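Contents: one structure, followed by commentary.
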Amino acid sequence: MDGASATRTRPVNLILLGPPGAGKGTQARILEEKFGLVQLSTGDLLRAAVAAGTEAGKAAKAVMEAGDLVSDEIVLAILKDRMADDDVARGIILDGFPRTEAQAAALDALLKASGQTIDAAISLEVEDDAMVERVSGRFTCAACGEGYHDSFKTPAKDGVCDKCGGTEMKRRADDNAETVRTRLQAYHAQTAPLIAYYAGRDSLVTVDAMASITDVEAALETIVKRVAG
Ligand code: AMP
């Protein structure tokens, strides 16, 4: 764990905002490793619920496949459950949540109940046109979750994960060009207003996420160290 979180008496709570393909998951995983924070991805939690065949998963499946937003009720129930786990006390990086103003208000209330707040809502700024290529080319290692891309980041040995040696790669059902366009529309209609929501609370920070993964990583590291202060 880096000194930034080790020396604090309260956790650092971050939000990564941005459309599909902006790099939220990639950067959240890096921050998790670097600072010992916990990545909370509502997309991952929902995909796990779909795979497990829970009631929430059954209700969410078709909505996710279409690229629309799952109801606030389902998402909030899943998130609250996860936030009750002990590891969350180390600090969180919210990836893909909140996505609506109702979710943002519910999050404020949830954190307030334990005397906490959001330290920074980081908006990863990108151009829509580039997102379709970024999202439709991506795949992950089924064993460790390491992310790859057909054009931008291929494994050193075809079909073998650089990180864990796993040989099963998977692609998300909703990572196709058509669904990405619906997801981008959902982002602009329902989630982009949160940029003003957090600016109004003085917790918004913007980062140019058209830059390389390592440049974005460096910008985020500076932000985390500043808010962890
Ligand atoms: P993601 O992994 O963040 O790209 O999310 C994949 C899909 O899960 C989205 O397109 C939505 O259908 C659903 N989803 C994830 N997070 C949320 C959320 N906070 N609110 C509503 N739907 C969500």
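The values are calculated or read from the model by the stated rules, or taken from the named source; none is laboratory data. Quantities reported herein were computed from a predicted structural model and do not represent experimental measurements. Virtual Cβ from ideal backbone geometry, glycine too; neighbours counted across all protein chains shown.
Among the conditions (1) surrounded by fewer than 13 Cβ atoms within 10 Å (Cβ to Cβ); (2) in a loop (DSSP other than H, G, I, E, B), R99 misses just one, which is (1). Considering the stretch 11-40, and only residues there that are among the small types (G, A, S) and in a helix (DSSP H, G or I), the residue that is farthest from D129 (Cα to Cα) turns out to be A28. Among all residues of the stretch 122-133, there is at least one that is among the aliphatic types (A, V, I, L, M) and part of a strand (DSSP E or B).
Is it the case, given these coordinates, that G137 is more than 19 Å from P193 (Cα to Cα) and without any contact (Cβ under 8 Å) to a residue 60 or more places away in the chain? When the stated conditions are applied, G137 passes them. When G137, G145 are checked against the criterion of being under 23 Å from E65 (Cα atoms) and under 16 Å from the mean Cα position of the chain (by Cα), G145 stands alone in meeting it. Against the numbered list (1) surrounded by 20 or more Cβ atoms within 10 Å (Cβ to Cβ); (2) of a type in the set (A, V, I, L, M); (3) part of a helix (DSSP H, G or I), L94 comes up short only at (3).
Residue by residue through the stretch 49-66, note down the ones that are buried (at least 19 other Cβ atoms within 10 Å of the Cβ), within 8 Å of the ligand (Cβ to nearest atom) and without any contact (Cβ under 8 Å) to a residue 60 or more places away in the chain. Within the stretch 49-66, just A60 meets the criteria. When L46, L79, L69, L94 are checked against the criterion of being within 11 Å of the ligand (Cβ to nearest atom), of a type outside the set (V, I, T) and farther than 21 Å from A109 by Cβ, a single residue qualifies: L46. Specify the residue that is farthest from D68 (Cα to Cα); the eligible residues are those in the stretch 148-178 that are at pLDDT below 95 and polar (S, T, N, Q). The extreme case among them is S151.
Among the residues of the stretch 152-167, write down those that are more than 22 Å from the chain's Cα centre (by Cα) and among the hydroxyl-bearing types (S, T, Y). Matches in the stretch 152-167: T167 only.
The single condition among (1) within 11 Å of the ligand (Cβ to nearest atom); (2) touching a helix residue (DSSP H, G or I) at 6+ places or on another chain (Cβ under 8 Å); (3) farther than 19 Å from H188 by Cα that D119 does not meet is (1).
For every residue, the table says whether it meets (1) surrounded by 12 or more Cβ atoms within 10 Å (Cβ to Cβ); (2) under 28 Å from D108 (Cα atoms); (3) under 17 Å from the mean Cα position of the chain (by Cα).
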| site | (1), (2), (3) |
| --- | --- |
| D175 | yes, no, yes |
| L184 | yes, yes, yes |
| Y187 | yes, yes, yes |
| T191 | yes, yes, yes |
| D202 | no, yes, no |
| A209 | yes, yes, yes |
| I213 | yes, no, yes |
| V216 | yes, yes, yes |
| V227 | yes, yes, no |
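Restricting R181, R201, R172 to residues that are assigned to a loop (DSSP other than H, G, I, E, B), in contact (Cβ under 8 Å) with a residue 12 or more places away in the chain and more than 22 Å from A142 (Cα to Cα) narrows the list to R201.
The single residue among A104, A89 that is assigned to a helix (DSSP H, G or I) and surrounded by 15 or more Cβ atoms within 10 Å (Cβ to Cβ) turns out to be A104.
Looking at this structure, is A113 without any contact (Cβ under 8 Å) to a residue 24 or more places away in the chain and either within 13 Å of the ligand (Cβ to nearest atom) or on the phi > 0 side of the Ramachandran plot (or both)? So A113 fails the test.
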